[in-house]
């Protein structure tokens, strides 16, 4: 039997209702009026759902479960966005008609400014679960309802929507709000798990039986132990707000070194461990890599995370399937020029200065972009990449900016969210931006200026907050002079310019080989090292495909040598061996202990290797040849040439003055 209270409940917070009524009066609402309501048209509602796709997707199954618990109670379950606009509803058929009379349907705003005091609008303003019963509604028209609502927060504590149960006031039950609160928390936990798919998660509670339930605390950490976020239960157990926790270390939060947790995960995944919170409360915890694709290799984890065996030797946690989680630290493999680039990029950590990465195809531009994203405060938000050279001109615009339903022939029903909106809150990586058509360059420039984007066929501007990293192998300054790249866009994307060296110019080949082999799928039993003869042959190659070519060669050779302890010469692809044999032995070996004194010298060695007939007799002649070739490649642009050579501009200018005086 349903409990029907004789008097309206205020759940101990009459001040909330009073303040909400005062706000309703301030915006000019009259309690006796029946406000006009105009639901969003179907295309606009679909667009709104698309913008809240993650919330919508994770809320639907929870809404269905909640509706099953309250079925036949003259009520309905509602999901709204953070402004109180209803996105979706599930209700008893005999209550839907009554709900429509008061605009309780998708596409209608139930913000306080539009509907006065009501559970949805008031909960969103107050930030707390709220019941508004019968006469507590500001508008007389809504007093047929009793509504219980709980805000929904994203994994960073920002309110992104609300879950509500509204029904006939005669069917109110005091436990409804508790059901709504638990359901909202379930949605938040789903969002949390989905957000941190590549993180290390810690599940904990003071009582072991609550691990794996709705009441467990969840905290997420980056592979280096950096705190990312925590769910509501974790915040309650820590007794600290999220902003304070973001300044804490794992060691301070749980009373042990982060490396110990990683050792526990590697040694006994799924087993519990006892930790101590800052309050002194002991909790039972379980750490996990969120998904199997997370890589726990020696280079993906800090050195302290490597486990020690009984005889004192060091071993790494076993790698799982997928690509390594790149960080600035893991990309530093010993080459002096690459290390200098990483140090410069690291100085911009936490600052949304655009970065332009130059370099030949396959030099690792996307790896660097991912590392920049991972080592920034945006690390838990999306990293979205688009290769501008991989799409026809006609599709780049739709892919980048998105489009509305029916914007063009062949467009998807319900339209599409573009890469820019997908990257909201995170990082947008535009690879080969030199291949972007001029018309799209104009639109991109407007997005970067206004921080809003209008999809194709749309009229509403969508605000976006993102960092942009661009990359290209082209000479953008020469393109500007030729009129094929916009100068204003160039200065928007080149806050910091770095040039990645080609593989043949690097001094860390041996380390790169070791790292790449460690990332091979563990289940295939592929070798984890190469023979000395193979490494020597690698050092003789020009590597026109750079790191991408190296990865492919190692992958193929590893499969050929499956079951063996190391890759031998006979395991290498035949065409690759033929290419290596065509390279003169006079090329300076890459990856040996004798590193070039500077990046310019390594470029000199590479230039000589590509054209042995041009071998000069003295070191100053080497530098002259190199500077001449680089200036020619950059059509006389001294700044670009100096940047590629790793030299000061004054050095290049000094050479030019000396040449003129000859």
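Test residue 505 against the stated conditions and say whether it is touching a helix residue (DSSP H, G or I) at 6+ places or on another chain (Cβ under 6 Å) and free of Cβ contacts under 8 Å to residues at least 24 places away in the same chain. The answer is no for residue 505. Considering only residues in the range 247-259 that are assigned to a helix (DSSP H, G or I) and touching a helix residue (DSSP H, G or I) at 6+ places or on another chain (Cβ under 9 Å), the one that is modelled with the lowest pLDDT turns out to be 259.
Can you go through 280, 270 and tell me which one is more than 25 Å from residue 188 (Cβ to Cβ) and either assigned by TED's automatic domain parsing to the domain that holds residue 515 or in a loop (DSSP other than H, G, I, E, B) (or both)?
Only one candidate passes the filter, namely 280.
Does residue 139 satisfy the condition of being modelled with pLDDT under 95 and in the same structural domain as residue 88 (by TED's automatic domain parsing)? For residue 139, the condition - modelled with pLDDT under 95 and in the same structural domain as residue 88 (by TED's automatic domain parsing) - is met. Number of residues in the range 89-103 that are touching a residue at least 60 places away in the same chain (Cβ under 8 Å) and crowded, with 19+ Cβ neighbours inside 10 Å: the value is 3. Applying the set (1) touching a strand residue (DSSP E or B) at 6+ places or on another chain (Cβ under 6 Å); (2) surrounded by fewer than 22 Cβ atoms within 10 Å (Cβ to Cβ); (3) in contact (Cβ under 8 Å) with a residue 60 or more places away in the chain to residue 67 leaves exactly one unmet item: (3).
Would you check if there is a residue in the range 355-378 being at pLDDT below 85 and crowded, with 17+ Cβ neighbours inside 10 Å?
The answer is no, given that none of the residues of the range 355-378 is at pLDDT below 85 and crowded, with 17+ Cβ neighbours inside 10 Å.
Screening the range 130-224 for strands (runs of 3 or more DSSP E) wholly inside it with 1 or more residues that are in contact with a helix residue (DSSP H, G or I) (Cβ under 6 Å, 6 or more places away or on another chain) returns the ranges 130-133, 145-153, 159-168, 217-221. Taking the condition at pLDDT 85 or above and closer than 30 Å to residue 71 by Cα, does residue 228 pass? When the stated conditions are applied, residue 228 does not pass them. Without any contact (Cβ under 8 Å) to a residue 40 or more places away in the chain, farther than 30 Å from residue 641 by Cβ and surrounded by 20 or more Cβ atoms within 10 Å (Cβ to Cβ): is that true of residue 554 in this structure? So residue 554 does not fit the description; no.
Considering 90, 29, 104, the condition of being in contact with a helix residue (DSSP H, G or I) (Cβ under 6 Å, 6 or more places away or on another chain), outside any helix (DSSP H, G or I) and more than 17 Å from residue 177 (Cβ to Cβ) is satisfied by 90 alone.
Evaluate the range 114-121: report whether one residue or more is surrounded by 20 or more Cβ atoms within 10 Å (Cβ to Cβ), at pLDDT 90 or above and under 28 Å from residue 378 (Cα atoms). The answer is no; no qualifying residue exists.
The values are calculated or read from the model by the stated rules, or taken from the named source; none is laboratory data. Keep in mind that this is a model prediction, so the values were computed, not measured. Ideal geometry is used to build each Cβ from the backbone, glycine not excepted, and the neighbour counts take in all protein chains shown.
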